[in-house]
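Notes follow once the structure below has been shown.
The values are calculated or read from the model by the stated rules, or taken from the named source; none is laboratory data. Remember, predicted model here, so these are calculated numbers, not experimental data. Don't worry about glycine lacking a Cβ; one is built from the backbone with ideal geometry, like all the others, and counts go over all protein chains shown. Ligands, DNA and RNA are stripped out before the accessible areas are found, and what is left, the full protein with its side chains, is counted by its heavy atoms. Shrake-Rupley method; radii C 1.70, N 1.55, O 1.52, S 1.80 Å.
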Amino acid sequence: MAIVDLFHKRQKRLRGEYPDTYQYEELPGKLKVQIVHLWNETIEKDRRKSQFQSVSLNRPYLEECYRILCKELGVFELNKSDNDNKHLPSDNYFDKIAAYFINKANTEESLSVIEIMAQKTEAFADDYRSEVEIDIVDTLSELNQRFREHGVGYQYENGQIIRIDSEFIHTEAVKPALQLLSNPIYKGAQEEFLKAHEHYRHERYSEALIDCLKAYESTLKIILSKNNWEYSSNATADELTGRIMQSGLVPEFWQQHFKSLKNTLTSGVPTARNKLAGHGAANEIRDIPEYLVSYVLHMTASTIVFLVKADEALD
């Protein structure tokens with residue numbers, strides 16, 4: 001079911017009451033309720049039993065989600081001490097997950113629940129596409145729109161929750177980078193780029209910078225290998241960038257225009273990582289500012305988009 005633009009929402013927009021900036025500390029109660037409604041309209045929507053099964057089609061997905069959450073949270077049952085949920089059947093996994101999500105989970109745990117439920121909904125919709133009516137694209141689009149509507153700076157992209165800082169940069173750089181890296185040949189670079197976002201969300205800034213560099217280097221190596229352009233297996237980011245520039249990825253008549261590109265690429269992502277995260281800290285505690293990591297993430301995304309699109313233009 002699509003988001004309905006009701007009267008109270010239009011009035012809020014007219015009064016300028018919707019947030020202009022993102023916050024990351026709290027998921028509003030209304031947002032959580034709307035997300036449970038979304039789950040109910042998708043993975044919980046179809047409880048029919050197939051002619052070959054004695055249980056609902058969606059039950060194995062909800063059970064797996066429940067078991068994963070219990071294991072990763074280090075508990076035997078969700079809501080075990082919640083007297084209000086004792087009436088729930090032991091196999092009512094949907095209601096148990098929803099009750100935990102609404103009543104007990106902190107922000108990071110709530111995001112984990114949203115992530116695993118989105119993953120299982122995608123799997124359910126894909127496995128039973130001929131038997132259930134779930135438009136997974138619309139479902140995930142609504143989820144992300146709900147985040148934006150409440151000014152919460154997270155989105156579900158490529159199978160995981162990632163933090164966003166600017167809607168424009170996310171739309172113009174991060175999302176296109178993830179779409180381009182979804183090509184199977186870029187699987188390694190995609191995983192590293194997503195890991196960088198995961199580290200960023202959990203404020204592991206040093207690790208985020210390291211994985212930015214890995215994603216950048218992997219993209220360079222994949223493009224070089226794809227075009228049979230030779231490079232050393234232990235080449236540094238600077239050497240790989242130089243090899244890319246020598247290979248003709250940028251047309252010769254653009255070389256003057258892009259004469260500073262090599263310096264931009266090699267002094268941007270790699271240098272930020274090398275100086276702030278690449279070596280042992282010894283007795284020094286490095287204070288890596290959040291805004292710098294955000295900048296490097298976005299610069300990595302823009303660079304990957306440029307490199308992959310330039311490579312595609314050669315085909």
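Which FRET efficiency, nearest 0.05, do Ser233 and Glu109 yield, Cβ-Cβ r, R0 45 Å?
Working from the Cβ atoms, E equals 0.60.
Order His199, His37, most accessible first, counting only protein heavy atoms with a 1.4 angstrom probe. Before the final figure, lay out the partial values.
Working: His199 35, His37 105 Å².
Output order, biggest surface exposure first: His37, His199.
Could you sort Asp126, Asp287, Asp165, Asp211 by their accessible area in this structure, using a 1.4 Å probe and putting the largest first?
Asp287, Asp126, Asp165, Asp211
For the full complex of protein chains and a 1.4 angstrom probe, list Val250, Val75 by accessible area with the highest value first.
Val75, Val250
Could you tally the net charge around Asn106, taking each other residue with its Cβ under 11 Å from the Cβ of Asn106, Lys/Arg +1 and Asp/Glu -1?
So the environment of Asn106 carries a net charge of -3.
Give, as a single signed number, the net charge of other residues whose beta carbon lies under 14 Å from the beta carbon of Asp311, with Lys and Arg counted +1 and Asp and Glu -1.
+2
Given a 1.4 Å probe and the protein chains all in place, what does the accessible area of Ile134 round to, in Å² to the nearest 10?
Roll a 1.4 Å probe over it and Ile134 shows about 30 Å².
Length gain on complete extension for the stretch Glu64 to Asp315, per 0.36 nm per residue less the alpha carbon to alpha carbon distance?
86.0 nm
Using a 1.4 Å probe and ignoring any ligands, DNA or RNA, find the accessible area of Arg148 and quote it in Å² to the nearest 10.
For Arg148, the solvent-accessible surface is approximately 80 Å².
Quick one: how many Å² of Arg204 are accessible to a 1.4 Å probe, rounded to 10?
90
Local charge sum around Gly159 (other residues, Cβ-Cβ under 10 Å, Lys/Arg +1, Asp/Glu -1)?
Working: positive: none; negative: Glu115, Glu122, Glu157.
That works out to -3.
Given H placed on each backbone N at 1.01 Å, which residues far from Glu157 in sequence or on other chains put an amide H within less than 5 Å of it?
For Glu157, the qualifying residues are Ile162.
How long are the three semi-axes of the equivalent ellipsoid for the range 73-207, computed from the Cα gyration tensor as the root of 5 times each eigenvalue, in whole Å, largest first?
Sorted largest first and rounded, they come to 29, 20, 15 Å.
A 21 angstrom limit on the alpha carbon distance is what I want to check against. Which of Lys120/Lys309; Lys45/Lys104; Lys175/Lys214; Lys32/Lys120 exceed it?
Check vs 21 Å cut-off fails for Lys120/Lys309; Lys45/Lys104.
Please compute the modelled spin-label separation between Phe306 and Ile185, points set 7 Å along Cα→Cβ, answer in nm with one decimal.
In this crude label model, Ile185 to Phe306 measures out at 2.1 nm.
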